[in-house]
Amino acid sequence: MDRNLLESPDERPCPTRRLRLVGQALGGPETEPMSVTVELTIEDPSWTALGDLQCLVERAVAAALAEAGVASRGGTELSCLLCDDAAIQALNLLWRGIDRPTNVLSFPATGPGAERMLGDIVVAYGTVSREALAESKAMRDHFAHLVVHGTLHLVGQDHEAEAEAEVMEALETRAMARLGMADPYAGSVPERRSVPEQRSLTKRGGVPKSDSVPIGGSP
């Protein structure tokens with residue numbers, strides 16, 4: 001875990017890290033293959049039960065970028081931290097003032113180097129596993145959806161307004177189809193889908209706050 005994330009948001013810039021693992025985006029007929037470097041940090045060992053996480057994260061990031069029409073240049077970087085509920089709750093409290101765990105947080109990069117560094121995605125095992133069980137979803141599919149969702153936030157997608165939510169959900173659904181996975185919103189209640197509990201990435205005093213995705217109309 002990047003311990004700098006635990007510093008006060010008023011005392012530090014948006015979190016960024018140098019990245020190590022290299023993956024290639026999924027090319028389709030409408031996009032050229034793109035390369036993006038992904039640093040995967042597994043803080044909670046429970047995540048290892050899902051198998052090859054590096055490959056899954058790289059593919060999910062690539063699918064999201066392809067559907068968003070983002071043509072990353074060589075050297076584009078992204079960080080993904082897989083933690084537990086306690087760690088994400090601390091970040092949620094620090095950056096958003098909400099003292100409870102959530103499923104995913106996204107921190108877009110700003111300032112010098114932002115053109116190469118997309119930002120950080122943080123995902124919590126406990127919350128994600130509970131949601132997957134409650135909605136009878138495969139854990140790997142649910143996790144991949146959250147990575148797709150978080151990546152879309154890093155490139156400017158949002159879901160505060162209903163129209164924005166519809167666009168973003170369509171991108172997510174198509175990205176999941178690229179991965180051979182089902183529509184993550186199928187069967188959810190439409191009015192709950194478009195109004196997430198927690199609002200999307202915005203700037204607060206020049207520092208981004210982060211967001212969680214509504215899953216199947218979760219409260």
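The values are calculated or read from the model by the stated rules, or taken from the named source; none is laboratory data. Please read these numbers as outputs of a predicted model, since none were measured by experiment. Glycine gets a Cβ as well: all are built from the backbone with ideal geometry, and neighbour counts include every protein chain shown.
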> When you look at Arg100, is it assigned to a helix (DSSP H, G or I) and surrounded by fewer than 22 Cβ atoms within 10 Å (Cβ to Cβ), yes or no?
Replying inline: no
> Restricting attention to the range 172-197, which residues are modelled with pLDDT of 95 or more, surrounded by 15 or more Cβ atoms within 10 Å (Cβ to Cβ) and part of a helix (DSSP H, G or I)?
Replying inline: Glu172, Thr173, Arg174, Ala175, Met176, Arg178
>> I'd like the full set of residues that are buried (at least 16 other Cβ atoms within 10 Å of the Cβ) and within 14 Å of Val128 (Cβ to Cβ), limited to the range 47-62.
In response: Trp47, Leu50, Leu53, Leu56, Val57, Ala60
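Quick grid of which residues meet (1) within 21 Å of Ile42 (Cα to Cα); (2) aromatic (Phe, Trp, Tyr); (3) within 14 Å of the chain's Cα centre (by Cα):
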position: Gly75; (1), (2), (3): no, no, no
position: Leu78; (1), (2), (3): yes, no, yes
position: Leu81; (1), (2), (3): yes, no, yes
position: Ala87; (1), (2), (3): yes, no, no
position: Ile98; (1), (2), (3): no, no, no
position: Ser106; (1), (2), (3): yes, no, yes
position: Pro112; (1), (2), (3): no, no, no
position: Gly119; (1), (2), (3): yes, no, yes
> How about the range 161-171: which of its residues are without any contact (Cβ under 8 Å) to a residue 60 or more places away in the chain and either surrounded by 14 or more Cβ atoms within 10 Å (Cβ to Cβ) or part of a helix (DSSP H, G or I) (or both)?
Replying inline: Glu162, Ala163, Glu164, Ala165, Glu166, Val167, Met168, Glu169, Ala170
>> Quick check on this structure: which one of Ala144, Ala86, Ala114 is surrounded by fewer than 18 Cβ atoms within 10 Å (Cβ to Cβ) and under 21 Å from Leu50 (Cα atoms)?
In response: Ala86
> Val70 versus (1) surrounded by fewer than 19 Cβ atoms within 10 Å (Cβ to Cβ); (2) under 28 Å from Glu169 (Cβ atoms); (3) modelled with pLDDT of 65 or more: which is the lone unmet condition?
Replying inline: (1)
